[in-house]
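Here is the structure we will look at.
The values are calculated or read from the model by the stated rules, or taken from the named source; none is laboratory data. Because the structure is a prediction, the values reported are computed rather than measured. Note: ideal-geometry Cβ built from the backbone for every residue, glycine included; neighbour counts use all protein chains shown.
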């Protein structure tokens, strides 16, 4: 759910129709999304390892019933 687009759409639609409740709801969605985007932590490194020559690392991406593998060789 894209709160930014929904908030902008509600704000514009409520202002155009003169509906204060929908306008206030749009402003609340925009404020909530702005706070969420500005206070979230920066992207962090989850795992770090230096591979020696001949070593390999397999990363499994599990998505539902299908499993994809990515293999990184050192």
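Of note:
- In this structure, residue 51 does not satisfy being within 18 Å of the chain's Cα centre (by Cα) and modelled with pLDDT under 90.
- Any pair with Cβ under 6 angstrom, 6 or more apart, that starts in segment 1-20 at a residue that is farther than 15 Å from residue 34 by Cα and ends at one that is surrounded by 14 or more Cβ atoms within 10 Å (Cβ to Cβ): 10/22; 10/25; 10/26; 14/22; 14/23; 14/26; 15/23
- Test result for residue 16, over 20 Å from the mean Cα position of the chain (by Cα) and outside any helix (DSSP H, G or I): no
- Summed over segment 54-74, the residues that are modelled with pLDDT of 80 or more and in contact with a strand residue (DSSP E or B) (Cβ under 6 Å, 6 or more places away or on another chain) give a count of 2.
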